[in-house]
């Protein structure tokens, strides 16, 4: 996948990884980049910088995502790349209130479902397209200190896998972006245990994403160490869990 002359949509595009994706897609020659975010003012700032299009969108609302897709396709043309990027963090474990579990589930999982429903059939009808989900290394490993984040990012990776399996032979290419700690609003107070291998910039994430899209690679890992951790996890799950508990203990001691 090359971005030249493509129409790309990025949710959560007003800041962080989303903004960096928008800026880079424009630099790579995209014909139009649609910056979608609840923060419409922030989306407009990014869109103005790249001569793109800003759209207000609450990704937890299926009707907002459908409206985003319909508006883009009627005004900018068929969507070639849809980046379902928006996400949130909720700290805590089983004690996290139900309403917070529901909120993170809607944004970190159901938003991807809504996006897929809105755009994949359209892509298939015209020969294919690219669907990208921003998940996290937490979706491959775990997130110490946040059960909701770990659970929802695992679900996001699982959804991406299923979409790739179900629609891959119908022209739908799928990538899932799984970084560890990234310098964004989410990690402003520190990356926690996820920063064990260093906190990287959104631009670094996007560099790896562009390379991954060019290769049409499913798993995009801006922190290459994650491959080793995955191998350790799958080769001896119990040993991996013990190691994670030790890491949790070190993190708790500060």
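Side notes on the structure shown:
- Among 215, 161, 183, the largest mean-square fluctuation in a Gaussian network model of the chain, built with springs joining Cα atoms closer than 10 Å, belongs to 215.
- 0 to 90° range, to nearest 10: angle between helix 147-167 axis and the chain longest Cα axis: 50
- Rough spin-label spacing in nm, given labels placed 7 Å along Cα→Cβ, for residue 27 and residue 242: 4.6
- Rg ratio (alpha-carbon, reference 2.2 N^0.38 Å) - the range 90-141: 1.50
- Highest average packing first - 202-211, 108-117, Cβ atoms within 10 Å: 108-117, 202-211
- The relative contact order of the chain, computed from alpha carbon pairs under 8 Å that lie at least 6 residues apart in sequence, is 16 percent.
- The slack in the chain from residue 66 to residue 161, taken as 0.36 nm per residue of separation less the alpha-carbon distance, amounts to 32.0 nm.
- Against the chain, whose longest principal axis is taken from its Cα atoms, helix 16-27 shows a tilt of about 40°.
- Peptides 128-139, 20-31, ordered by how many other C-beta atoms sit within 10 Å of their residues on average, highest first, read 128-139, 20-31.
- The ellipsoid that matches the Cα gyration tensor of the chain has semi-axes, each √(5λ) in whole angstrom, of 30, 19, 18, with the longest given first.
- Relative packing of 78-86, 95-103, which averages over residues the other C-beta atoms within 10 Å, highest first: 78-86, 95-103
- Cα-based helix-to-principal-axis angle, 111-125 vs the chain, degrees rounded to 10: 40
- In nm, spacing of pseudo-spin labels at residue 100 and residue 45 (7 Å Cα→C-beta vector): 2.7
Just so you know, all these numbers are worked out from the coordinates, no wet-lab data involved. Since this is a predicted model, take the numbers as computed values, not measurements. Glycine gets a Cβ as well: all are built from the backbone with ideal geometry, and neighbour counts include every protein chain shown.
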